[in-house]
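Trainee: After the structure tokens below, expect a handful of questions from me.
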Amino acid sequence: MIRIVSVSLLLAAPLLAAMPVAAQAPAVQAFVASFATPTPRTGKIARWEDGVCPRTTGQQPAVAAIVNQRVKDLAAFAGAPVNDSPGCAPNIEIVFTASPQALLDNVREHDPDFLGFAESGRERERLAAVTRPIQAWYTTQTRDLHGLNRIDSARRPGEGVPMKCFTCGGGRGPVGPTEYLSDATYAHVSGNRVSDGVRSAFYHILIVADPGKLQDHGIGPLADYIAMLALTQVNSPDNCRPLPSIVNMLAKDCTAKTEMLTKNDATYLRGLYKMSADRQLFSTQKGEIADSMEAALAGR
């Protein structure tokens with residue numbers, strides 16, 4: 001079992017001294033790039049649009065309650081929606097198990113979409129491999145201008161689209177016979193080149209922790225780490241972040257480790273949930289998060 005230690009939120013406290021913006025900006029941009037992960041369908045950054053509802057299993061009820069509450073507290077701080085209903089259907093499942101690979105093998109066989117986007121059985125097998133003491137799997141969805149949702153899955157063909165010939169009438173619009181594209185899909189968009197009205201959002205996150213490999217860490221740091229994974233998809237979690245981060249706690253060969261949520265982490269999450277979710281370009285979304293972080297770290 002995971003040992004229980006005092007859990008201090010300290011979310012609003014200045015955990016790091018703010019550096020001048022000119023000196024901080026390149027590091028902040030690199031920090032954002034080390035987190036931001038484009039989704040397979042839109043190439044945009046996903047975040048929660050539905051209320052988060054975490055459920056932790058495999059631990060004592062007191063430990064599970066700490067982890068669940070930490071996820072919800074950090075979500076509320078960041079500006080993410082929270083589902084406080086006691087009977088909410090969990091969309092963040094946090095599992096402590098001594099047999100993580102057996103669990104993922106079962107997910108691959110029965111619920112492969114919960115591994116994330118995969119275009120082949122070989123890719124699903126690769127995604128299902130457990131390689132870290134705490135590991136997360138993200139199922140994303142695409143939400144269009146009218147709120148239509150589709151899970152990002154290569155296993156699910158489109159519902160089909162009837163399409164008329166746009167070139168048959170010499171530029172007079174769609175005329176001629178209608179062809180039915182059986183596996184095609186569609187989305188309502190704004191037509192704006194900057195913000196097209198299409199967003200990427202999380203549908204389900206599975207986080208699996210092996211308690212036998214985490215005995216050197218108390219529940220406070222682990223809850224911080226899990227909460228971070230529950231609110232943002234981390235790009236290359238084994239790599240050391242360019243600024244202090246709770247994610248460095250389990251990164252391999254990382255000397256800049258910390259066992260608490262840092263101000264960099266907190267301001268990144270706030271920037272993520274303030275970001276314009278329907279921006280066309282991944283680079284624009286990263287820039288918005290970086291600008292928000294720089295302002296917050298500079299005390300503006």
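The values are calculated or read from the model by the stated rules, or taken from the named source; none is laboratory data. All values reported here derive from a predicted model rather than from experimental measurement. Methodologically, a virtual Cβ is constructed for each residue, glycine included, from the backbone with ideal geometry; neighbour enumeration extends over all protein chains shown.
Trainee: Pick out the one residue from Gln24, Gln59, Gln69 that is in contact with a strand residue (DSSP E or B) (Cβ under 6 Å, 6 or more places away or on another chain), over 27 Å from Asp152 (Cβ atoms) and surrounded by 16 or more Cβ atoms within 10 Å (Cβ to Cβ).
Mentor: Gln59
Trainee: Mind listing just one residue for me: the one in segment 217-246 that is among the small types (Gly, Ala, Ser) and not in a helix (DSSP H, G or I) and, of those, surrounded by the most Cβ atoms within 10 Å (Cβ to Cβ)?
Mentor: Ser245
Trainee: Would you check which residues across segment 248-282 are among the hydrophobic types (A, V, I, L, M, F, W, C) and free of Cβ contacts under 8 Å to residues at least 60 places away in the same chain and list them?
Mentor: Of everything in segment 248-282, those that are among the hydrophobic types (A, V, I, L, M, F, W, C) and free of Cβ contacts under 8 Å to residues at least 60 places away in the same chain turn out to be Met249, Ala251, Cys254, Ala256, Leu281.
Trainee: On to the next question. Being touching a residue at least 60 places away in the same chain (Cβ under 8 Å), more than 21 Å from Lys44 (Cβ to Cβ) and either in the same structural domain as Ile226 (by TED's automatic domain parsing) or in contact with a Gly (Cβ under 8 Å, 6 or more places away or on another chain) (or both) is true for just one of Arg132, Arg126. Which residue is that?
Mentor: After applying the criteria, what remains is Arg132.
Trainee: Can you tell me which condition Asp291 does not meet? The list is (1) closer than 16 Å to Ser34 by Cβ; (2) charged (D, E, K, R); (3) part of a helix (DSSP H, G or I); (4) free of Cβ contacts under 8 Å to residues at least 60 places away in the same chain, and all the others hold.
Mentor: Checking Asp291 against (1) closer than 16 Å to Ser34 by Cβ; (2) charged (D, E, K, R); (3) part of a helix (DSSP H, G or I); (4) free of Cβ contacts under 8 Å to residues at least 60 places away in the same chain, the one that fails is (1).
Trainee: When Met293 is evaluated against the numbered criteria (1) buried (at least 22 other Cβ atoms within 10 Å of the Cβ); (2) over 23 Å from Ile94 (Cβ atoms); (3) under 16 Å from the mean Cα position of the chain (by Cα), which criterion, by number, is the only one it fails?
Mentor: Single failed check for Met293: (3).
Trainee: Condition (residue is closer than 20 Å to Ser200 by Cβ and surrounded by fewer than 16 Cβ atoms within 10 Å (Cβ to Cβ)) applied to segment 88-97: is it met by at least one residue?
Mentor: no
Trainee: Separate question: Which of the following residues is at pLDDT 95 or above and among the charged types (D, E, K, R): Asp196, Asp224, Asp183, Asp216?
Mentor: After ruling out the rest, the residue left standing is Asp224.
Trainee: Is it the case that Gly287 is over 18 Å from the mean Cα position of the chain (by Cα), surrounded by fewer than 21 Cβ atoms within 10 Å (Cβ to Cβ) and among the small types (Gly, Ala, Ser)?
Mentor: Considered against the rule, which asks whether it is over 18 Å from the mean Cα position of the chain (by Cα), surrounded by fewer than 21 Cβ atoms within 10 Å (Cβ to Cβ) and among the small types (Gly, Ala, Ser), Gly287 comes out as no.
Trainee: Can you confirm whether segment 280-288 contains a residue that is of a type in the set (A, V, I, L, M, F, W, C) and under 23 Å from Ala76 (Cα atoms)?
Mentor: No, the conditions are met nowhere in segment 280-288.
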